[in-house]
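Below: one structure, written as structure tokens.
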Amino acid sequence: MEELSAFFDEVRRRLALRAESSGLGVASVVGTRGSTPRKAGARMLVDPTAGTVGTVGGGCGEAEILGRMQRTLATGESQLVEVNLLEEDGFESPSICGGLLDVFLERFDESIGGVPAEAFFDAIDEMRGRGPLAVVTVVSGPEAGRKTLLGADGHQRFPVGVDEVDALAVRLGREVVRTRQSSADIGSSGSRVFAELLSEAPEVVVVGAGHVGAAVCALAARAGFAVTVLDDRVSFANPARLPDATRILVGDPRTRLADLGMRADRHVVLVTRGHRLDAECLEVALGMKTAYLGMIGSKRRVRRIREWLTERGVNAEGLARLHAPIGLDIGAETPAEIAVAIVAEIIAKRRRRRVGAA
């Protein structure tokens, strides 16, 4: 649940199942200094009856946060805490990172950020349908815990009511919508504000629901992607085999792929049951805007498909986008190992990391 949108969906689901007097704890990293395991925007949901979801770093630091969260859950009072990960006990400590985390602790119940939970979620549903949306939280000062929403059109919902704080919230919210990066600042009154983008989970489209496709679906979902699976075999493409899929589209995969709407954060994985079908789906995918495009196959098979597409008029620039053979070169053999290699390559591409590829 790295994406804020998925996080709020999970909060809404859990709150709907709880008694009015029971709440959920939320720990959010709002600032870091030095080397830390997680960066600003990482969050953890603390459910007193069902454990935690997500992580803000693990180890002793997270244990400290869980301890402090008990006070927030009991009183409803939010708090900004500094977690020291600097070395104190010698190099034997397994959780040494060498930095500091600023973590904001709050309780969600019938109220979220000073707003009735139902009204807060309704506003999110309304506003995110119109484009990028920033969620801005006051994390220190008299208004700590208050949340305000800023849409792509500049419209603000649930203003804090303090001119200086609202002006800062609007400025940071606009910056986040523009840059798609979280941002924080301190106003002249000393109130600290943290803003982050509420965005949908990035998408992985798995073309082919065979053994490798099913393994990629499960692993990509665990890594925080919304997974769409395309296949023409209902015996393979069904919820029983693919319980982690966000959606399953049964039909000719070439047609299904072509009919997908435009999406900038789409990662396409071609793992169909045959060389020819992979090639024809690749031809369709090359006409789409994708954040990642990979196709399974040996080097010899990939070379033949590249030659076939070149003969059909596909230019070299388009083919240069293709990751094939797909996945990082980790010596993968089983479907599960191949899925690890594929999802790792997608994550590296998304995080803009340079790594060796197959």
| query | What number goes with the only condition from (1) at positive phi; (2) in contact (Cβ under 8 Å) with a residue 40 or more places away in the chain that A339 does not pass? | reply | (1)
| said: Please go through (1) closer than 15 Å to V229 by Cα; (2) aliphatic (A, V, I, L, M); (3) free of Cβ contacts under 8 Å to residues at least 60 places away in the same chain for V269 and return the number of the only condition it doesn't satisfy. | reply: (3)
| query | For the stretch 1-60, which residues satisfy the criterion of being farther than 20 Å from T72 by Cβ and in a helix (DSSP H, G or I)? | reply | S5, A6, D9, R13, A16, G59
| helices (runs of 4 or more DSSP H) wholly inside the stretch 247-358 that include at least 2 residues being in contact with a helix residue (DSSP H, G or I) (Cβ under 7 Å, 6 or more places away or on another chain) and buried (at least 16 other Cβ atoms within 10 Å of the Cβ) | 253-259, 275-285, 299-311, 335-350
| said: So, in the stretch 111-136, exactly how many residues are in a helix (DSSP H, G or I) and surrounded by fewer than 15 Cβ atoms within 10 Å (Cβ to Cβ)? | reply: 5
| query | What number of residues within the stretch 185-239 satisfy the criterion of being surrounded by fewer than 19 Cβ atoms within 10 Å (Cβ to Cβ) and part of a strand (DSSP E or B)? | reply | 2
| If you go through the stretch 172-184, how many residues are assigned to a loop (DSSP other than H, G, I, E, B) and among the polar types (S, T, N, Q)? | 2
| request: Select from the stretch 288-303 the residues that are touching a residue at least 24 places away in the same chain (Cβ under 8 Å) and not aliphatic (A, V, I, L, M) and list them in ascending order. | output: K289, T290, Y292, G294, G297, S298, K299, R301
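No value in this document is a laboratory result; all are computed from the given coordinates. Just so we're clear, the structure is a prediction, and the values are computed from it rather than from any experiment. All Cβ positions, even for glycine, are placed from backbone atoms using ideal geometry, and neighbour counts span all protein chains on display.
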